[in-house]
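To start, the structure under review is shown below, and the notes come after it.
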Amino acid sequence: MDVRRHQAMAPAVKQPRHRIVAGATAVALFATALAVTPFARQTGSAQPPAATAQTAKPGELGYDDTPTIPGQKWKVHDINRPAPPLVTPGATASAPPSDAIVLFDGKDLSKWAQRGPNGENIQPKWPVKDGYFETGAKSGSMFTRDSFGDVQLHVEWATPSVVAGTSQGRGNSGVILMGRYEVQVLDMYNNRTYADGGAGSLYGQWPPLVSAPRPPGEWQAYDIIFEAPRFEGDKLVKPAFVTVLWNGVLAQHRKELVGATAHRTEPKYTPHAAELPLTLQDHSHPVRYRNVWIRRLAGYDQPER
Ligand code: MG
């Protein structure tokens with residue numbers, strides 16, 4: 001499996017959470033935590049405090065006599081509402097959390113493919129170098145072997161440090177959700193182009209709220225939340241929505257797409273599968289990528305695992 005589970009703080013046994021612990025045991029665990037935690041901190045240990053079961057008094061974990069929250073099936077502080085899944089965050093904002101699928105860990109392109117001469121999937125030709133890979137000029141775009149629908153995606157990219165070209169001809173690539181919906185990648189540092197074609201744009205539809213570029217050659221980050229469109233037969237029943245944080249700055253705020261990315265033509269939706277591969281665009285410029293990870297989004301109030 002691709003899913004990395006709780007690697008940073010992996011306990012030896014399944015980590016209990018939101019469980020009521022019976023009286024004497026709870027007191028003992030609480031006392032242990034009080035005794036151990038300050039000592040660990042005083043000695044400067046890098047280890048996190050030992051995980052202990054949570055203690056709670058009866059009634060402290062919710063109620064069943066409260067009103068229903070408008071628009072929801074749950075009561076206010078509903079004792080029966082499932083606890084959210086536990087995720088261990090990455091050590092830094094760019095590191096994958098425990099439930100992410102790592103699409104590139106700095107070593108190989110095993111999660112990716114390119115289209116072969118007969119339409120078959122082939123191993124990508126894009127070069128992998130010191131912890132990053134680079135768009136292979138004119139070898140074609142690259143796409144994930146897995147398919148995705150609603151996702152959170154983290155990707156870091158850098159346009160060439162040696163500046164060449166103008167407008168769309170400078171460090172052009174793209175993060176193309178479902179192989180159809182492009183968040184533009186472009187060197188925007190002292191580079192002018194049409195507003196709906198710059199980095200951070202939903203290409204051909206929406207310029208970013210602001211442009212937040214770093215200089216060419218420097219690593220930049222996109223954190224993208226993508227809601228896939230929904231179709232019933234040939235009918236669009238829900239459009240796609242895209243949120244983009246560009247170098248931590250909000251560039252797209254749950255913006256609705258009016259169709260698949262198009263160049264010089266009107267964007268339109270064409271019905272497609274619920275999940276499709278993620279594509280990175282080869283636009284014949286050597287753009288670098290690293291730290292690529294993705295999380296499938298399952299929505300609120302999933303059953304407890
Ligand atoms: Mg592009």
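Taken over region 176-212, the residue count meeting the criterion of being within 14 Å of the ligand (Cβ to nearest atom), among the hydrophobic types (A, V, I, L, M, F, W, C) and assigned to a loop (DSSP other than H, G, I, E, B) is 3.
The set of residues in region 127-145 being in contact with a Phe, Trp or Tyr (Cβ under 8 Å, 6 or more places away or on another chain) and without any contact (Cβ under 8 Å) to a residue 60 or more places away in the chain consists of PRO127 alone. What do you reckon, is TRP219 over 19 Å from PHE148 (Cβ atoms), within 16 Å of the ligand (Cβ to nearest atom) and out of contact with any helix residue (DSSP H, G or I) (no Cβ under 7 Å at 6 or more places or on another chain)? No, not satisfied.
Strands (runs of 3 or more DSSP E) fully within region 213-294 that include at least 2 residues being of a type outside the set (A, V, I, L, M, F, W, C) and either under 23 Å from THR135 (Cα atoms) or in contact (Cβ under 8 Å) with a residue 12 or more places away in the chain (or both): 220-227, 249-256.
Report the residue count in region 151-205 for those that are of a type in the set (S, T, N, Q) and in contact with a strand residue (DSSP E or B) (Cβ under 6 Å, 6 or more places away or on another chain).
Residues flagged as of a type in the set (S, T, N, Q) and in contact with a strand residue (DSSP E or B) (Cβ under 6 Å, 6 or more places away or on another chain) within region 151-205 amount to 4.
Remark: pairs (first residue in region 147-176, in the same structural domain as ASN247 (by TED's automatic domain parsing); second residue within 15 Å of the ligand (Cβ to nearest atom) and of a type in the set (D, E, K, R); Cβ separation under 6 Å; 6+ apart in sequence or on different chains) = ALA158/ARG288; THR159/ASP187; ARG170/ASP187; GLY171/ASP187; GLY174/GLU182; ILE176/GLU182.
The values are calculated or read from the model by the stated rules, or taken from the named source; none is laboratory data. Computed from a prediction, not measured in an experiment: that's the story for all the values here. Neighbour counts run over all protein chains shown; Cβ positions are idealised from the backbone, glycine included.
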